[in-house]
1. Show me the helices (runs of 4 or more DSSP H) found entirely inside segment 444-547 where at least 3 residues are outside the structural domain of residue 252 (by TED's automatic domain parsing) and exposed (fewer than 15 other Cβ atoms within 10 Å of the Cβ).
2. For segment 116-215, which fully contained helices (runs of 4 or more DSSP H) count at least 2 residues that are within 23 Å of residue 236 (Cβ to Cβ)?
3. Mind checking which pairs have a first residue in segment 39-67 that is in the same structural domain as residue 166 (by TED's automatic domain parsing) and over 15 Å from residue 169 (Cα atoms) and a second that is modelled with pLDDT of 95 or more and in a helix (DSSP H, G or I), Cβ under 6 Å, 6 or more apart or different chains?
4. Take segment 32-60 and flag every residue that is part of a helix (DSSP H, G or I) and under 26 Å from the mean Cα position of the chain (by Cα).
5. For segment 182-222, give me each residue that is over 22 Å from residue 114 (Cβ atoms) and under 30 Å from the mean Cα position of the chain (by Cα).
6. Answer yes or no as to whether residue 232 is buried (at least 16 other Cβ atoms within 10 Å of the Cβ), more than 16 Å from residue 121 (Cα to Cα) and in contact (Cβ under 8 Å) with a residue 24 or more places away in the chain.
7. Only one residue in 293, 297 is modelled with pLDDT of 95 or more and surrounded by 13 or more Cβ atoms within 10 Å (Cβ to Cβ), so which one is that?
8. Taking the conditions exactly as written (under 25 Å from the mean Cα position of the chain (by Cα), part of a helix (DSSP H, G or I), in contact (Cβ under 8 Å) with a residue 40 or more places away in the chain and not assigned by TED's automatic domain parsing to the domain that holds residue 443), does residue 275 satisfy them or not?
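The values are calculated or read from the model by the stated rules, or taken from the named source; none is laboratory data. Since the model is a prediction, treat every value here as computed from it, not as a measurement. No Cβ is skipped: glycine too gets one built from the backbone with ideal geometry, and neighbour counts run over all protein chains shown.
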């Protein structure tokens, strides 16, 4: 057969159509064991990372199409498992592997970040995410500057120079890969690469006494980033299409990747309800507290330091004395690492405004850092759960738990001596619901990103969500880049509250809150739908996830 006059992709697809039966392993008669699942998981994780092209991960059309065909063989092998007789914890692990494979399938079929989203090609990260992995789609060879101790020793210089070397070939490849027409992703994503320019400039200054190898690597990375930004700007006028993935695709990803047993429409209804509830409860709190003096925000660095120290001690003591959490030895250490510092009023974004009114209103969200401490020091024994799940599959548990803990601690009595702080909790919930609704409408292409941002600002009480600071653009871009993430704070919170209610109902008369959180933590940072199954024995959400 002669392929001479066919385009490369067509030639590839014709050839693989002939070879695919040979690529597909023979399926056995459903006698696979859990050990076989672990072996398949190890193979899958190795396969999930793409091969290299000129030293950078290969996201080209031909390679991606080939990998999509190979993915189907992994999915077929997984589907052949008969897990009906396995313990629930092992069945849950099977569903986690299924979700990850669905994640790659969805990214290739629908999301196509490497073809639609310039921010996908940002490489340099200066900070650690508070979730098990970076929020949103990222490529496979990131440079995590926060993991380095400066000044660098010789070995660290060599390692960093090697990592930075991925940037020039990756950005050269990106100019061929980025053929999508998602205008808002394109325009907003340019800022991520400009941020990389600034990060590299700062790195050059920080390492000005380094050796020639690192200096050259930084110079090459900086030059290629600058050229890439120029190219993105030149191409921007030609991008005219929508960026949202649509309701049907959104629902498919929710159920099959993030394992959230809801649809786009159901999430809209839930977030509308939570926005209404938070707004009305705030008014009731304000009425109840009308004779009390208002909260006065922290006014100086000295006051911040004093109040932060008091808050750490009080919060850690509250969590243990009131049997909220088990007696974890990392709570106070994790809090101290995230105490923050004073920010002048004119520079405060939403979360700084919250913390300067009531530190603990924000710090209750730091369940994130408890999770990371546990993952680091006491990882889950299952290899499938011991590290971060791919494709942000952890979001309903990670963001839902952190957000839910804010209101839970309010109801548990954390602010009994400071009722005005309850108002701040409702303001935070309204902000999360408003931004999540905005992201839902953006993915349905009902809102532009600007309209989503405007809605986010307008529905956040007291004008605390400012449209002149980077936070607003960062959040709405992230949620456009990663469907389902913007709503996970509220949907995950709802699913955890539902699970807490059922778990408590089963223990009527023998309910201990610290036992609930201890069990929840024991099972790992996995989708709440699967936690619900493990913790209550109720598998009713699983058929929905299998649609």
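1. On the way: elements: 449-458, 470-481, 485-505, 513-522, 528-536, 542-545.
Where helices (runs of 4 or more DSSP H) fall fully within segment 444-547, none carries at least 3 residues being outside the structural domain of residue 252 (by TED's automatic domain parsing) and exposed (fewer than 15 other Cβ atoms within 10 Å of the Cβ).
2. Values: elements: 154-164, 167-177, 183-206.
Ranges flagged: 167-177, 183-206.
3. Taking only residues 6 or more apart or on different chains, not a single pair turns up.
4. Kept after step one, since they are part of a helix (DSSP H, G or I), are these residues of segment 32-60: 34-48.
Within segment 32-60, 37, 38, 40, 41, 42, 43, 44, 45, 46, 47, 48 meet the criteria.
5. 198, 201, 202, 203, 204, 206, 217, 218, 222
6. Numbers: buried (at least 16 other Cβ atoms within 10 Å of the Cβ): yes; more than 16 Å from residue 121 (Cα to Cα): no; in contact (Cβ under 8 Å) with a residue 24 or more places away in the chain: yes.
Spelling it out, it is not the case that residue 232 is buried (at least 16 other Cβ atoms within 10 Å of the Cβ), more than 16 Å from residue 121 (Cα to Cα) and in contact (Cβ under 8 Å) with a residue 24 or more places away in the chain.
7. On the way: 293 fails: surrounded by 13 or more Cβ atoms within 10 Å (Cβ to Cβ).
Step by step, each of 293, 297 is checked, and only 297 is modelled with pLDDT of 95 or more and surrounded by 13 or more Cβ atoms within 10 Å (Cβ to Cβ).
8. Details: under 25 Å from the mean Cα position of the chain (by Cα): yes; part of a helix (DSSP H, G or I): yes; in contact (Cβ under 8 Å) with a residue 40 or more places away in the chain: yes; not assigned by TED's automatic domain parsing to the domain that holds residue 443: no.
Criteria not met by residue 275.
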